[in-house]
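First comes the structure, then the notes that go with it.
Laboratory data are not the source of any read-out in this text; all were calculated from the coordinates shown. Treat the numbers as computed from the prediction; the structure is a model and nothing was measured. Here the Cβ positions follow ideal geometry from the backbone for every residue, glycine too, while neighbour counts run over all protein chains shown.
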């Protein structure tokens, strides 16, 4: 018998029906009893990250949805259905990260009761009132740090750190980053400065370039500028970047990045080869802001190139538990500085299912970031 | 003064003019005097490999060419020109591999005069009468092996061996290969059998499936069969393949291979994840039989995938000189068995510039393979 265990809590569920329609709604579900090394946290600040939208919306577009009180029905495009056959009938729980207060705990964690913690919940979603998480999935928030400050100590901050780790592990001198004015992009500016990794920031608008300039970023290329191709090549030549991390993922973006890196490498060869340069250029896709297919013009990228889907867990595996713990400690120490997230709206669980709100957070626009507060 | 050094020899040259037209022709050029560790070989058997066509034709289509006595003029498509700006005005010499007889030699190689050798000529092209190559670029042909047998002891055989090396180096259990009835594909069937690597052969026609079945290949999938998708998934599940080597390169082929490997991996997970499987699936593109852009549907391939342009020199660098020498020795010992090439036509240098002949070899059709005999 666990003291103070809430019996039920509200959760947001996303279920794909056999009819190809995704149904989103709130449900009252029993709270998981914690094991010996587990705690039950009351969630108070939950970020909406792009990875959560994959669980929440699959390939559904909220603009196609039917919104009624407490339920949303979104038909998936028929051509997308085969890819989602595996989730038909299974209620999925969106949300990976979140922060709040421990309200109940298993035997070995009783000293945590009443403490504020931040968590990465891998079994159950964080779009809900409570989450039961185990040691290793949560960490106490440092003194003076609120749940809002520490809502995401895992997804964005660890991804930004893992990008820097990957640049080093793969032997690159410098890195190109797209959607560079995002929350993650701003963290990366600070990390790369601290770690001495030259960073080329690619943004889409002049205001975004200004945000990064104000942060002290050195190399900023605006893809809507008429001389963008030349800007990008100059920054790549100045830094020696041979790897790019791309949050856009679709269309011509990954190829455009590889072509620019190859052009610089080929120009530095000093002779012409019909096979292009022997420099390995690499684009790691880690987001899909553009969901259209990725188009590669292979003949433009030289002899050695690599396009990868890149994800945080793989890099955590590569660096090992000791280094991962050091990365985590660095995040917790910097939640109000390097790893500060900027939320533009705080919403309740019920509001997350309202049409205008959903359309807004599903746009994943740079500079807009939503936080769910399940206590509202 | 080198004894018996021919003063001039015929060479095939490919030059892109500032007008965007590629001009191919034969020229009489001085033969390079050999250094101390070099030999001059009279070329007697020169394979036409896809990599040579990149030098010979760039993005030019022989069907668009003007053919006159000894000269061919092929306008490149205007949209392709920027990628080839670096070669404007420079006469390129196609041809990487070839076999023949040493006719002159530098001081340290005089004992080679009169011997038959096979070479990979990296500085100068092999589409010509003579090539001056250095120690390390050539090897004596084993007794009983003709220059025709040994015309290509480097490009195709070493590529096939390097594919098997890469499968092992990258920790995969089995491999998928496209255009599997090619000369290289047949070598790979024998190598994988000798090395115990399960191989899934993908071909485009029933006749090609039959060729491989006659060679004893176990897993053969015909992409023109109505149940191809199921065939491919069954073969991937049976072998555990998580890497594919793709000679086609363009269009949907790399993505189709990745999707099939991911589907098998996701089905083996035992639970549904909106992010797909955590199995790293990898497609290494090593040819461009389809020159259209590669189209990737990222959301279908799971959490970890990688599309790479793969080339032999990188793998040689990874395995190191000792292993590379062992691979080379294996090729020389097997030129009449495992590494036998099947040539369907022998042509002269002049014939290589005739319209019908060029159209035929530029098709790179599986089952057709051309050999240039510069002594004709």
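Fewest to most neighbouring Cβ within 10 Å: what's the order for B:297, A:219?
Exposure proxy ranking, most exposed first: B:297, A:219.
List the distances, in nm to one decimal, from the label point of residue B:354 to the label points of the same position in every other copy, shortest first, placing each label point 7 Å from Cα along the Cα-to-Cβ direction.
8.0
Using helices alone, I'd like the mean residue ellipticity at 222 nm for the protein assembly as shown: each DSSP H run of four-plus residues gives -39500 (n - 2.57), total over residue count, nearest 500.
For the protein assembly as shown, the value works out to -8500 deg cm²/dmol.
Output, in nm with one decimal and in ascending order, the distances from the residue A:168 label point to the matching label points of the other copies (7 Å from Cα along Cα-to-Cβ).
3.3
Return the Cα extents of the protein assembly as shown along principal axes one, two and three, sorted largest first, each rounded to a whole Å.
Principal-axis extents of the Cα atoms in the protein assembly as shown, largest first: 97, 56, 46 Å.
Which residues in segment B:296-340 place their backbone N less than 16 Å from a point set 7 Å from the Cα of residue A:169 along the Cα-to-Cβ direction?
B:303-306
Put a label point 7 Å from Cα along the Cβ direction on residue A:228, then list its distances to the equivalent points in the other copies in nm, shortest first.
Nearest to farthest, the other copies are at 3.5 nm.
Using only the alpha-carbon atoms, what does chain A span along each of its principal axes? Please give whole angstrom values in decreasing order.
75, 47, 34
Show me, bin by bin at 10 Å from 0, the whole-percent P(r) of segment A:155-314 based on Cα pairs.
Here the calculated profile for segment A:155-314 is 11, 43, 37, 8, 0.
Can you put A:272, B:361 in order of Cβ neighbours within 10 angstrom, beginning with the fewest?
Fewest-to-most ranking of A:272, B:361: A:272, B:361.
Evaluate the distance, in nm, between pseudo-label points positioned 7 Å from the Cα of residue B:63 and of residue B:314 along their respective Cα→Cβ axes.
Each label point lies 7 Å from its Cα, and together they span 3.2 nm.
Take the rotation relating chain A to chain B, measure from its axis to every Cβ in chain A, and name the nearest residue with the distance in whole Å.
A:307, 2
Let's test this: bin the Cα-Cα distances of segment A:267-376 at 10 Å from zero up to the farthest pair and state each bin's percent.
10, 22, 28, 25, 12, 4, 0
Among B:165, A:79, which comes first, then next, by fewest other beta-carbon atoms within 10 Å?
Lowest count first: A:79, B:165.
If you stretched the chain out fully between residue A:3 and residue A:123, how much longer would it get, using 0.36 nm times the residue separation minus the C-alpha to C-alpha distance?
Between residue A:3 and residue A:123, full extension yields 40.9 nm more.
Between residue B:326 and residue A:194, take the C-beta separation as r, use R0 = 41 Å, and let me know the FRET efficiency to the nearest 0.05.
Working from the Cβ atoms, E equals 0.35.
Quick one: give the max-minus-min coordinate of the C-alpha atoms of segment B:95-232 along each principal axis, largest first, in Å.
Taking the Cα atoms of segment B:95-232, the three principal extents are 61, 32, 28 Å.
How far, in degrees from 0 to 90, does helix A:183-195 lean away from the longest principal axis of the Cα atoms of chain A, to the nearest 10?
Taking the Cα atoms of chain A, the angle to A:183-195 is about 60 degrees.
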